[in-house]
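Asks: Okay, handing you the structure first.
The values are calculated or read from the model by the stated rules, or taken from the named source; none is laboratory data. Given the structure is predicted, the values throughout are model-derived calculations rather than measurements. When we count neighbours, we look across all protein chains shown, and the Cβ atoms used for this are built from the backbone with ideal geometry, even at glycine. These area figures cover heavy atoms from the full protein model, side chains too; ligands, DNA and RNA do not enter into them. Shrake-Rupley method; radii C 1.70, N 1.55, O 1.52, S 1.80 Å.
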Amino acid sequence: MSSRTAPRLMTLQRHLGWPQAGGMAMESSPLTTHVLDTASGLPAQGLCLRLSRLEAPGQQWMELRTSYTNLDGRCPGLLSPGQIKPGTYKLSFDTERYWKERGQESFYPYVEVVFTIAKETQKFHVPLLLSPWSYTTYRGS
């Protein structure tokens with residue numbers, strides 16, 4: 001990579017929300033996700049996702065971050081260790097756009113995974129296995 005290309009790549013990665021570009025190490029984030037496109041057998045790269053937390057009063061969702069999966073289908077740095085606190089969180093995956101960009105019809109326009117974090121000292125990994133007609137998620141490690 002040329003010396004002129006590297007800064008441009010870093011700028012693009014920061015714009016897309018890739019934490020490696022912002023200096024946050026993958027292992028430092030207490031919340032990560034990984035999306036696999038089970039129709040192709042490949043990582044789901046470029047999938048837009050939003051992280052929100054349910055906030056009182058009024059129990060409204062507050063968006064914390066918008067990001068995109070990287071070349072490996074991962075979005076490792078969703079929260080820094082100081083940002084995580086006990087509560088109910090939601091990961092919203094824009095699956096409709098992902099499939100449309102691939103010329104594929106799909107059944108689910110978006111996937112929302114709602115989960116509870118009870119202890120902010122733990123690490124949380126939320127994988128998503130995705131096809132145009134189904135999805136599966138679980139708490140990973």
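Asks: Kindly indicate the residue of region 56-70 that is touching a residue at least 12 places away in the same chain (Cβ under 8 Å) and touching a strand residue (DSSP E or B) at 6+ places or on another chain (Cβ under 7 Å) and also nearest to Val114 (Cα to Cα) among those meeting that condition.
Replies: Step by step, filter region 56-70, then rank; the result is Trp61.
Asks: Something else now. In region 22-126, which strands (runs of 3 or more DSSP E) lie fully inside it and hold 3 or more residues that are surrounded by 14 or more Cβ atoms within 10 Å (Cβ to Cβ) and among the β-branched types (Val, Ile, Thr)?
Replies: Hits in region 22-126: 31-37, 111-117.
Asks: Can I ask one more? Those residues that are open to solvent by 30 Å² or more (accessible area, probe 1.4 Å) and in contact with a Phe, Trp or Tyr (Cβ under 9 Å, 6 or more places away or on another chain), I need them from region 127-136; list them, please.
Replies: Leu129, Trp133, Ser134, Tyr135
Asks: In region 100-108, is there at least one residue being modelled with pLDDT of 95 or more and within 24 Å of Arg139 (Cα to Cα)?
Replies: yes
Asks: For region 89-123, give me each residue that is under 13 Å from Arg53 (Cβ atoms) and in contact with a Lys or Arg (Cβ under 7 Å, 6 or more places away or on another chain).
Replies: If the condition is that a residue be under 13 Å from Arg53 (Cβ atoms) and in contact with a Lys or Arg (Cβ under 7 Å, 6 or more places away or on another chain), then Tyr89, Ser92, Val114, Glu120 are the ones that fit.
Asks: Can I ask one more? Select from region 64-90 the residues that are out of contact with any Cys (no Cβ under 9 Å at 6 or more places or on another chain) and within 16 Å of Val35 (Cα to Cα) and list them in ascending order.
Replies: Within region 64-90, Asn70, Leu71, Asp72, Gly73, Arg74, Cys75, Pro76, Gly77, Leu78, Lys90 meet the criteria.
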